[in-house]
1. Starting from the Cα of A:Leu285, step 7 Å along the direction of its Cβ; do the same at A:Asn50; then give the gap between the two resulting points in nm.
2. How much of the DSSP beta bridge set in the protein assembly as shown is antiparallel, as a percent to the nearest 5?
3. With helices defined as uninterrupted DSSP H runs, which ones in chain B have an alpha carbon span along their own long axis of at least 15 Å and mean Kyte-Doolittle hydropathy of at least 1.0?
4. Answer with one residue from B:Pro190, B:Ala108, B:Ala220: the one whose Cα lies farthest towards the positive end of the charge dipole of chain B, charges on Cβ with Lys, Arg +1 and Asp, Glu -1.
5. How high is the FRET efficiency between B:Ala220 and B:Asn253 when r is their beta carbon distance and R₀ equals 51 Å, given to the nearest 0.05?
6. Residues of A:65-77, mean number of Cβ from any other protein chain within 10 Å of their own Cβ, rounded to a whole number?
7. Could you work out the mean count of beta carbons from other protein chains within 10 Å of each residue's beta carbon in A:195-205?
8. For chain B, with a Gaussian network of springs between Cα atoms less than 10 Å apart, report the residue from B:Thr235, B:Thr75, B:Thr43 with the top mean-square fluctuation.
Amino acid sequence: MSITGIEAPAVEVRGLVRDFAVKGGPPRRALDDFDLAVAPGEVHGLLGPNGAGKTTLCKILSTVLLPTAGTARVQGLDVVADAKRVRPLLGIVFGGERGLYARMTAAQNLRFWAALYGHGRREGRRRAAELLERVGLGPRADEAVETFSRGMKQRLHLARGLVGDPRVLLLDEPTVGMDPVSAHEFRDLVEDLRAEGRAVLLTTHDMAEAEALCDRVSFIDGGRLLRCEDPRVLGELLSRHERVRASGVPEALAARLAALPGVERVRATGPGAVLVETDRGGAALPVLRTLVEAGVTDVSTAPPSLEEVYLHLIGDRGMAVRP
Amino acid sequence: MRGSSPAFWAAARFQLGEFRRDPGTLLMLVTAPFFAVILLSVTEHGGRADLAPYAILAPAVMASIGMAVMEAGETIFRDRTAGVLEAVLTTPAPLATVLLGRIAAITAVSLAGIAECWLVGAVGFGVVVHVAHPLVFALTLAATAAGIAATGVLMAAVFVVGRNVRSFQNSLTFPLYLLGGAMVPVALLPSGVEALSRVFFLSWATDLLRDSLAPEPVAAFWPRLAAVLGLAAATFAAGSWLSHRLVRRVRRNGTVGFA
Ligand SMILES: Nc1ncnc2c1ncn2[C@@H]1O[C@H](COP(=O)(O)OP(=O)(O)OP(=O)(O)O)[C@@H](O)[C@H]1O
Ligand SMILES: [Mg+2]
């Protein structure tokens, strides 16, 4: 809480810069004059391709990495100057297999981490049991983590992130390795967290996930904030730029597809294989119909890639691959 | 320090679990009795029964400090490879506290080496070493354990920085055995080396331990115990300070994990 009684933003980042030293070369700028604000209770998506700087931002917020310039605050506290007071407020879930003791059981892992957040033994046990239930690992609580599947480890990561009862959660690609059912349960969990008034910063490559979960979505690339949007904008882009993939398509048919209304272009992706990109909602339907009528059965639709959405978001400027 | 004490105990319990999960960490407790056999054979065969306490203490103390230093390195190395070190740094618990908890548990377990070596003497050689001054012995042992744990924390802090440091942890134990007077009382060392050894708590500790076994009264016990404790505290302070500095450096360079 600030002195005026208005709750400080859960996360507030201003002009954040982070350079990494590169052997025999100029430093690499992972974050470049980055700004971000996450309100208390907000679920904020951070969407960006590989190497965009998402993890770097999460690391700076979680106090394990120092910024080169600029400021980052968590509930009004500076992550550098007030790191000690920031840590109890935060829960961090880094994606992947790292960050857990493989030979310990799930429950032992959680109890250990509860203790690092200052909770005594009994409270640690209580939290561990409750959180394992919550992420659906109750029946496997006493099994060693090394016997877990990736998705199960990911759930345990989530439980670990919650063990300190944080006001702000940083989730760095939390659904990596989860099956669609788990990913769906994960969405419910995030809804619960929102309902409990916790702020969530969620990094992902998955646009559908961002659209479904987030109150706002920030687009990051090359360490820069491109846009901060309502996720509906994202949803619109996703449906407007739907793609159709087909194989066994003769050249003449491909030409006919290209002439259909709303078809942006038809790309050959292999012998007889095409990728039809549309730029109007509903344009995929006539494409599908034309293909099926011509006897092509190997057809599928897909949302546009992140790169394409980026192109549409920012126009053709600035998407050159950065060194 | 908010939340320090649960972190200490959790780290200690965790380490005890590690011994069960990976008994290889107890290797030094396996080798210590063999060492005791070798040394006792020499002292007995050489007709120097008066040196039996030396032969029993030396391998036990070496096992203890050796385990603390080796395991401190291993702890950091494994935590860092598993990406756990980074996660620990995001929690409110100070790294030095977590390290101290783990190394304290290692040290407590390593003290079993004394009983092992004593038994080797009693059962294998019929040499029963009496503790002439039990209180002196007990207090010194406790202070020694604290110092060994502090040394482990200091070593672990060094291991936070680099992955290459691991290769020298093994060779590092030998100067510590020497300067700690584990095998040879430091008074017998060249004077320059002895002077250096006096800033290492272990040199005071091993002298006191040996004195506590001998029937002669122990001279200047309290000041010497104070030296052990003071130097142990200084070692922990140095380890704590260094871990703080190194963590900061690692945060600046962005190399906490291996990524
Ligand atoms: N410790 C480091 N040393 C040097 N460069 C680094 C370091 N950590 C990150 N980088 C660089 O910073 C940039 C941003 O990396 P970051 O991990 O933040 O990306 P990301 O958005 O999380 O990517 P991904 O989606 O692949 O997880 C990359 O170019 C990366 O190579
Ligand atoms: Mg990342």
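We did not get these values from a lab; they are worked out from the coordinates using the rules stated. Keep in mind that this is a model prediction, so the values were computed, not measured. We place every Cβ from the backbone using ideal geometry, glycine too, and count neighbours over all the protein chains shown.
1. Distance between label points: 3.8 nm.
2. Values: 34 of 53 bridges.
Among the beta bridges of the protein assembly as shown, antiparallel pairing accounts for roughly 65 percent.
3. Numbers: long enough: B:4-21 (25 Å, -0.31); B:27-45 (28 Å, 1.73); B:52-81 (43 Å, 0.66); B:95-110 (22 Å, 1.81); B:134-161 (42 Å, 2.14); B:169-179 (16 Å, 0.60); B:201-213 (19 Å, 0.39); B:221-253 (47 Å, 0.29).
Span-like helices in chain B: B:27-45, B:95-110, B:134-161.
4. It is B:Ala108.
5. Numbers: r = 47 Å, r/R0 = 0.93.
Computed FRET efficiency for B:Ala220 and B:Asn253 comes out at 0.60.
6. Values: counts 9, 7, 0, 2, 0, 0, 0, 0, 0, 0, 0, 0, 0.
Mean partner-chain Cβ count within 10 Å for A:65-77: 1.
7. Numbers: counts 0, 0, 0, 0, 0, 0, 0, 0, 0, 0, 0.
Across A:195-205, the average partner-chain Cβ count within 10 Å equals 0.
8. Sorting by GNM fluctuation, first place goes to B:Thr43.
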